[in-house]
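> Below is one structure. I have some questions about it.
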Amino acid sequence: MTARDFQTIIVGSGPGGATAADELTRAGRSVVIFERGHNYLISSDYPHDLMQVFSNDELKYTFRHFLGPDPWLEPRTFRRTESDGERLLVGEVNNLPATVGGGSVHADGKLYRFREDDFRMLTELGPAQGADITDWPLTYDDLEPYYTTAERLIGVAGLATANPFAAWRSGPYPMPPGPPMYGSLLTSAAAERLGYHPYPAPSGVNSVPYDERPACNNCGFCADFGCPIHAKGGPGPALRRALRTGRADLRPDAFVSRILVDGGRATGVEWIDHDGATHRELADEIVVAAGAMETPRLLLLSGFANPNIGRNLMFHMQTFAFGEVPYRLHGHMGRSVTHVHDDHVIVDDLAREAAHSAGLPWIKGGLVEHIAPSKVIAEAKLYPWGPEHRRHMRRSPMREHFLGFCMHGEDLPQAKNRVDLDPAVRDYRGIPVARTTYEPHPHEIAASEHHSGLLASILREAGATNLVVATSPTTTGELTSAHSDISIVPGSRHIAGTARMGRNPRTSVCDEWGRLWEASNVLVADSSLFPTISGYGPTLTLVALAIRNVDAFLGRPPLRVARESTSSPAVTVGPPRRPADPVRNREAAR
Ligand SMILES: Cc1cc2nc3c(=O)[nH]c(=O)nc-3n(C[C@H](O)[C@H](O)[C@H](O)COP(=O)(O)OP(=O)(O)OC[C@H]3O[C@@H](n4cnc5c(N)ncnc54)[C@H](O)[C@@H]3O)c2cc1C
Ligand code: SF4
């Protein structure tokens, strides 16, 4: 056994783990952060400068797994249901990077707050057959002060008054929004004409110099890429603050294989280094922030037996709609997404009508990002070789002529959708890998069908033709696991629900403060905690939740602010929207 060198062990250095490290070291505690991936983010020499190794290299990031994990060495497995047998696929299953900084190193960082009703979905909308919907054990008002702190610490650029559907907020964003992408201005204008409410996406990207980092120069390699100049907020600044206190040690290439437990309390961890040697580290408490698929894996590897572990796995059901315009958009430049609209999260009369025709009580969509479809190599892979290839690439429909949307649709929690340990497949260290069992609820399919029709109407209003709609996961499509391919394997990279928090140990994995029911000195600090996923990206909420729960872990009283909106207007209802205009599949869309 090694000596007890640190008070807290943190597993994972993504947004959740980095936030925990920042909060704990600020409070004077010593921490060691274990990260299974390499370190390309932050120098270990004083003053812990951010490194300069990221580049605009599509092959390196998208196809060669520069940020890990390599799906050959650390695969996951997938099946839709238990009736598929032990697995349908071994490979990449909704992977987020395994590297210092985690998924946020290559996320484009749209950082949304949830709405008030997202925290009480069961109360607001009621149950749906086959789904395990529940209210959160906290309210939006409880989390609001931590959202404000999270936005300040990460550095979010946004316009507080711009979104009529936003929840109340106690202050403005720390930075104004950055410049818009041209295509997004066109889709936003069309959406407004049809009664929608587009607005500049709140982004964890500097629009002005902030926190010792420069403003974004809109290089165009944002989603899926590390930022060459660290204009993205991400976990880098939080890790830098923690390391600068002198109370944090960052250990890359260190995989935690087991939490050690004695008499209902965690005593430390077992971890495997780069050369395959196993070590032990002891501490007073453990923070698990390995991401919503690796956290349940680690809990199961550690022998925790709560039957809820890994269940209620949620991804967003993504609905894509694209259309072509004859003029050039140069759509691949910019921050991947600069405009969004929230109208589809509202369960309005049209949505209720569509739900009833599908035999459902209600359907809820999600936030819609106005997106640019492609990068050059991804586009090149679409076309046949030869003269046709050259012609297509010169015109470049995907990068120059396509307008598009991606809706991150609410995904209902279902106990049968889960992460468990694959009975036979192991990673290169010999450790059982995470197996995903997942199929969408009829709600997601009906919601996607309804909202894709509405999105197609906006594209038509923008003058687009050759419309294409698709979902991820598909319900009938082919089975592949390659990055960015659309198949029955969900591809959203928004993952939640596998160690849900609650007030009842029989129906949850963690208590209302994120502590494991089975060992109260183990704090979960990622989106595994979410009882429902909402229609918004999970990252800002998981960071705000980590700050709140670490505060409580330290015995601090909860922050409170008076519920006085300083910025958001009341929800306004625009002119009536056109009815749904279903485009059911690629063929029909043409
Ligand atoms: C291209 C892209 C775009 C995205 N855009 C957005 C967006 O706009 N908005 C949004 O909200 N979200 C977005 N996301 C999702 C976002 O990246 C995740 O929500 C976020 O990274 C989750 O943070 P986390 O700390 O929970 O987990 P992670 O970021 O996954 O971090 C967990 C870390 O733990 C490490 N780890 C795991 N297991 C172990 C172990 N046993 N031992 C040691 N280390 C371990 C992992 O290697 C990883 O580095 C995007 C993701 C991608 C890929
Ligand atoms: S678009 Fe901006 S934030 Fe994104 S990678 Fe390029 S410079 Fe960085």
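The values are calculated or read from the model by the stated rules, or taken from the named source; none is laboratory data. These figures come from a predicted structure and were not determined experimentally. All Cβ positions, glycine included, derive from the backbone under ideal geometry; neighbour counts span all protein chains shown.
> Got a number for residues in the range 442-469 being surrounded by 23 or more Cβ atoms within 10 Å (Cβ to Cβ), within 23 Å of the chain's Cα centre (by Cα) and of a type outside the set (Gly, Ala, Ser)?
5
> Hey, another quick one. Given Arg79, Arg113, Arg120, which one is away from ligand 2 (no atom under 16 Å from the Cβ), crowded, with 19+ Cβ neighbours inside 10 Å, over 28 Å from Ala434 (Cβ atoms) and charged (D, E, K, R)? Full working, then the answer.
Working: Arg79 fails: over 28 Å from Ala434 (Cβ atoms); Arg120 fails: crowded, with 19+ Cβ neighbours inside 10 Å.
Within the list Arg79, Arg113, Arg120, the selection yields Arg113.
> Among the residues of the range 223-242 satisfying the criterion of being crowded, with 24+ Cβ neighbours inside 10 Å and of a type in the set (A, V, I, L, M, F, W, C), which is nearest to Ala434 (Cα to Cα)?
The selected residue is Phe225.
> What's the total number of residues in the range 268-310 that are part of a loop (DSSP other than H, G, I, E, B) and either within 16 Å of ligand 2 (Cβ to nearest atom) or polar (S, T, N, Q) (or both)?
3
> Test of understanding: among Thr541, Thr572, which residue is more than 16 Å from ligand 2 (Cβ to nearest atom), modelled with pLDDT under 95 and polar (S, T, N, Q)? Walk me through it before giving the result.
Details: Thr541 fails: modelled with pLDDT under 95.
Answer to the check: Thr572.
> If you scan the range 174-218, which residues turn out to be more than 16 Å from ligand 2 (Cβ to nearest atom) and in a loop (DSSP other than H, G, I, E, B)? Steps first, answer last, please.
Taking the range 174-218 and keeping what is more than 16 Å from ligand 2 (Cβ to nearest atom), we get 185-199.
Correct list: Leu194, Gly195, Tyr196, His197, Pro198.
> Among (1) assigned to a loop (DSSP other than H, G, I, E, B); (2) under 20 Å from the mean Cα position of the chain (by Cα); (3) away from ligand 1 (no atom under 14 Å from the Cβ), where does Asp224 come up short?
(3)
> Here is a follow-up. Is it the case that Ser30 is out of contact with any Asp or Glu (no Cβ under 6 Å at 6 or more places or on another chain) and modelled with pLDDT of 95 or more?
Numbers: out of contact with any Asp or Glu (no Cβ under 6 Å at 6 or more places or on another chain): yes; modelled with pLDDT of 95 or more: yes.
Judged against the criteria, Ser30 is a match.
> On to the next question. Given the conditions (1) under 20 Å from the mean Cα position of the chain (by Cα); (2) within 16 Å of ligand 1 (Cβ to nearest atom); (3) outside any loop (DSSP other than H, G, I, E, B), report the number of the one that Thr149 does not fulfil.
(2) is the only condition that Thr149 fails.
> Filter the range 492-528 for residues that are of a type in the set (S, T, N, Q) and touching a helix residue (DSSP H, G or I) at 6+ places or on another chain (Cβ under 8 Å) and give the result. Lay out the reasoning, then the answer.
Just the residues of the range 492-528 that are of a type in the set (S, T, N, Q), to begin with: 492, 498, 504, 507-508, 520-521, 527-528.
Those that are of a type in the set (S, T, N, Q) and touching a helix residue (DSSP H, G or I) at 6+ places or on another chain (Cβ under 8 Å): Thr498, Ser527, Ser528.
> Return yes when Gly236 is of a type outside the set (A, V, I, L, M, F, W, C), away from ligand 2 (no atom under 16 Å from the Cβ) and under 22 Å from the mean Cα position of the chain (by Cα) and no when it is not. Before the answer, list the steps.
Working: of a type outside the set (A, V, I, L, M, F, W, C): yes; away from ligand 2 (no atom under 16 Å from the Cβ): no; under 22 Å from the mean Cα position of the chain (by Cα): yes.
Answer is no for this residue.
> With Gly101, Gly126 as the choices, which residue is within 16 Å of ligand 2 (Cβ to nearest atom), farther than 30 Å from Phe322 by Cβ and among the small types (Gly, Ala, Ser)?
Values: Gly126 fails: within 16 Å of ligand 2 (Cβ to nearest atom).
Matching residue, one of Gly101, Gly126: Gly101.
> Can you tell me which of Ser13, Ser30 is closer than 20 Å to Leu529 by Cα and in contact with a strand residue (DSSP E or B) (Cβ under 8 Å, 6 or more places away or on another chain)?
Ser13
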